[in-house]
Amino acid sequence: MPTSPSGVLALARTPGGTRLIRYTLISVISVIISIIVLAVTHGVLHWPAFWANISSVVVATVPSYELNRKWAWGKRGKSHVWKEVVPFWVLAFVGLAFSTLWAVLAENFAKGRHMTHVHQTIVVEIAVIGSYGILWIGKFIIFNKILFAHHPEDLEPALDGRAGLPG
């Protein structure tokens, strides 16, 4: 992984680097959506961390799927239910279980220390963000190598320039 500014710029100009940057930006957008929903449901509405985190992940997963598929990986057309949609949601639910575990542990930790509700919410938010960081790398690899990988059979046939007919 390049560390110099010129190395980072060179990486950003490659298809894989562009994809990584876009995936990172989509992750930031998804985390912001999730954290806002979590802050409202847990902090304002006083839902337990378990339900607040579930709602935040479900809300953030919808735009995450669309943005990842179309913008980061450049997939067009109809989504394939068994090759894209189901695996994406399975990964989302794995992430949901992992982040919910951390949310509940954080809530119990904060309550055990008799923190105010505001401080409990902050501890839960930090735990959830940390869990997202752990999942981030694994999901990128799965998206890039399996879920949204371009396969030769997905490509349109080349057109013969003379007659406008395939190959």
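Summary table below
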{"quantity": "Within region 1-26, tally of residues that are touching a residue at least 40 places away in the same chain (Cβ under 8 Å) and among the hydroxyl-bearing types (Ser, Thr, Tyr)", "calculated": "1"}
{"quantity": "Checklist (1) farther than 22 Å from Asn68 by Cβ; (2) at pLDDT 80 or above applied to Ser131, failing item", "calculated": "(1)"}
{"quantity": "Looking only at region 1-20, and only at residues there that are under 22 Å from the mean Cα position of the chain (by Cα) and small (Gly, Ala, Ser), the one that is surrounded by the most Cβ atoms within 10 Å (Cβ to Cβ)", "calculated": "Gly17"}
{"quantity": "Total residues in region 47-78, condition aromatic (Phe, Trp, Tyr) and over 19 Å from Val128 (Cα atoms)", "calculated": "3"}
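The values are calculated or read from the model by the stated rules, or taken from the named source; none is laboratory data. Quick caveat: nothing in here was measured; it's all calculated off a predicted structure. Glycine gets a Cβ as well: all are built from the backbone with ideal geometry, and neighbour counts include every protein chain shown.
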